[in-house]
Number of protein chains: 2
Amino acid sequence: MSIRVTADDVAQAAGVSRAMVSRAFTPGASVSAKKREHVLAVAQALGYRPNLIARGLTGRSTGLIAVVAGEISRPYEAWLLEHLVFELSSRGYQPLLLPALRGGNVTEMIDHALAYQVEGAIVAAGSVSREIADRCRASGAPLVLIGRVLESSGVDAVCCDNIKGMHLLVNRLVQQGRRRIAWLGGTEDTFSDQERRLGVEQALSHYGLTLMAVHRGDFSLQSGLNEGLALLGAGQPLDAIICANDAMALGVVEAAAQRGMRVPDEIAVTGFDDVPSAAWGRCPLTTVRNPVQETALEALRLLEARVKTPTRATQIVRVGVTLVERVSA
Amino acid sequence: MSIRVTADDVAQAAGVSRAMVSRAFTPGASVSAKKREHVLAVAQALGYRPNLIARGLTGRSTGLIAVVAGEISRPYEAWLLEHLVFELSSRGYQPLLLPALRGGNVTEMIDHALAYQVEGAIVAAGSVSREIADRCRASGAPLVLIGRVLESSGVDAVCCDNIKGMHLLVNRLVQQGRRRIAWLGGTEDTFSDQERRLGVEQALSHYGLTLMAVHRGDFSLQSGLNEGLALLGAGQPLDAIICANDAMALGVVEAAAQRGMRVPDEIAVTGFDDVPSAAWGRCPLTTVRNPVQETALEALRLLEARVKTPTRATQIVRVGVTLVERVSA
DNA sequence: TGAAATCTTGCACGCGCTTTCAAAAATACG
DNA sequence: CGTATTTTTGAAAGCGCGTGCAAGATTTCA
């Protein structure tokens, strides 16, 4: 078997022209059924598959979609990525995975991916500049954002309803009689962090309340533990800590245990996302369900819609959230 | 700005031939420094980047590497994938992510990736047939296996020392005086499952012991809980449960809590891999550290070495493991 | 059976790029 | 200053594929 079998080899072996081979692999092309079958059989025997790279060159689609994901080892990102990749490849696309390096330049990564003639890009990490959005548009590769919205920039996005989610959580806490509430935020300059905090403050002010303390972590379990210890040791009597995501909430639960405080009796802790591990462990989390599958689906829908109609109006989809009541609050 | 700027456009704008543009972008090519600079400047201004798809067609490398990962939402797979992707892209490769669907055909996926002229494939999930290994070789795209070994088939692989890991664990349990030991295995037909179980039985027989019970889960937390409840409720007095991975061990810890049994006093539980979450929660796991970063690095080294020397002898790298002593055993 | 309509097929071109080759320019050396 | 050597450059030939076009084969219909 040769190192690389091309359409020419198949044509020769099947006694037809090279064009016929190409047509045999193109559904709906003008070939007699008999000949197509024959060509396909020969191709099979020779182990031939059309070179998708070469095909992409002729103007036909490459099927490549760039996916920029955050730190995959974090539960939410991993969960989302899994759905994204699954949906993508079951639709015949190939995900080109770009890591959003710490402090790494998403712009540069997308730029690089563009050189592979990707048909589109799904960005679920880092922050995108208007500039890169324009580059994508110029290349005809639509951009879809997940979990972040680039205002008034013509970029489609899908994002859960952070504000409503936090309203649900705050309502519950207040109804439980909690009044001394602290906020543990995530990485600064993060869209989710900003919207979620806004949601908390809105809901609180509706009850005439304000945050008693504000700390900031980096969305990781470890930072949840650290900041949790700090919050609970500050001498200020709190009765609830609202965290910007589940991982940090889990860390805070741990911190409470280390401080000998009972959750939820002495202190309530809430998360956000409802990642799989939120339901487990010492204290199952009361949290907000962020529907990943629906998110992934919507992102693809947006992408395909824009490929089909590049000029359609920018669309920002807000997927719905629901309160998940477990034991931590 | 045109929808797609090509080398021709740049050549025209810079007043040189298209070949010059190509050379300007090829390090070490024969171009005068002055002209290269000029061309690069014009290219920059026009927003030109060489089309990597077209470049790949000319026989130069595409830089694409297929990565087949398992269920990304599982901690170990996510952790490994993160390292893999990071190392890959910091070396200038682009990971093409292929999901190993449940019951999905790894063969078919790789076959598809081959059509993208990938330079190699790293398989960390599913099981590969000899057949697909041959196809890869024929295409000149080396295959590297992670965590699984395809005996006598000329496929390079990197895999941790499962046997030794289990010896370490069993030694510790026995030294603690535990004798009534059960095994909770993972998905059947899995290389890790088989080797790890073998390791346990070897070590046990060295002490003249045998397993008191054998159950099987699917490497998930949930199955750990289910089987843990079953094992602990079977009426048979156990003093240790050795699990095939951390996730199941965490589930068993949970099961013990539900049964009102104290870990490690009444029952010891051990994991394998030392995923980040193993150190957390109600009962930090005593486990075996599976060095992911080293694994990822070795896999790339193997890949590159074989690309460079296709005929080199098959190499199977066993990365070392260490015992991580925490509280669960 | 013959002409018109319909399929089927092969040729040749182009996608955007790299690279060989030979010609042209620049440099070296006597 | 002339020739030998080296460097720089452009023309052209692919890489593997899809597709428009026109010629050839087949079918249809009168």
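The values are calculated or read from the model by the stated rules, or taken from the named source; none is laboratory data. Bear in mind the structure is a predicted one, so any value in this text is a computation, not a measurement. Here the Cβ positions follow ideal geometry from the backbone for every residue, glycine too, while neighbour counts run over all protein chains shown. Accessible surface areas use protein heavy atoms only, side chains included; no ligands, DNA or RNA. Shrake-Rupley method; radii C 1.70, N 1.55, O 1.52, S 1.80 Å.
Structure data summary
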quantity	calculated
Chains B and A, summed buried accessible surface - 1.4 Å probe, Å², nearest 100	5000
For A:Leu98, residues with placed amide H under 5 Å, excluding near neighbours	A:Val67, A:Val68, A:Ala69
By accessible area with a 1.4 Å probe, ligands and nucleic acids excluded, highest first: order of A:Ser152, B:Ser32	A:Ser152, B:Ser32
Computed lengthening from B:Gln222 to B:Lys308, 0.36 nm per intervening residue step minus Cα-Cα distance	26.6 nm
More than 20 angstrom apart: percent of Cα pairs within the range A:195-276	28
Interchain or long-range residues, amide H under 5 Å from A:Val214's placed H	A:Trp183
The range A:214-329 - share of DSSP beta bridges that are antiparallel (%, nearest 5)	40
Rounded to 10°, Cα long-axis angle of helix A:221-232 versus longest principal axis of chain A	10
Rounded accessible area of B:Asp273 (nearest 10 Å², 1.4 Å probe)	10
Cα centroid of the range A:191-237 to Cα centroid of the range B:114-166, whole Å	47
Residues whose placed amide H lies under 5 Å from that of A:Cys160, excluding near-sequence neighbours	A:Gly147, A:Val319
FRET efficiency, 1/(1 + (r/R0)^6) with R0 60 Å, evaluated for B:Met261 and A:Arg4 via beta carbons	0.50
Helical contribution to [θ] at 222 nm, DSSP H n ≥ 4, -39,500 (n - 2.57), averaged over chain B, rounded to 500	-13500 deg cm²/dmol
Stretch gain in nm, segment A:Leu57-A:Glu131, where the contour uses 0.36 nm per residue and the Cα spacing is subtracted	24.0 nm
Cα centre as origin, Lys/Arg/Asp/Glu Cβ charges: chain A dipole, Debye	1060
Between helix A:292-308 and chain A: long-axis angle, C-alpha atoms, 0 to 90°, nearest 10	40
Nearby lysines by direct alpha-carbon distance to B:Lys164 (threshold 30 angstrom, same-chain neighbours under 8 apart not counted)	none
Where B:Phe25, A:Phe272, A:Phe191 fall by accessible area, highest first, once all protein chains stay in place (1.4 Å)	B:Phe25, A:Phe191, A:Phe272
Estimated inter-spin distance, A:Glu37 and B:Ser32, nm [label 7 Å along Cα→Cβ]	6.5
Protein-only accessible surface order, largest first, of B:Ile3, B:Ile122 at 1.4 Å	B:Ile3, B:Ile122
Sites B:Arg301 and A:Ile316, calculated FRET efficiency, Cβ-Cβ separation with R0 51 Å, nearest 0.05	0.70
For the protein assembly as shown: rounded, prolate or oblate by the Cα gyration tensor [a/c cutoff 1.5]	oblate
Proximal charge balance of B:Gly154 [Cβ under 12 Å; K/R count +1, D/E count -1]	+1
A:Ser22 accessible area, assembled protein chains, probe 1.4 Å, Å²	60
Nm distances between copies for B:Met261, ranked from closest, using label points 7 Å along Cα→Cβ	3.4
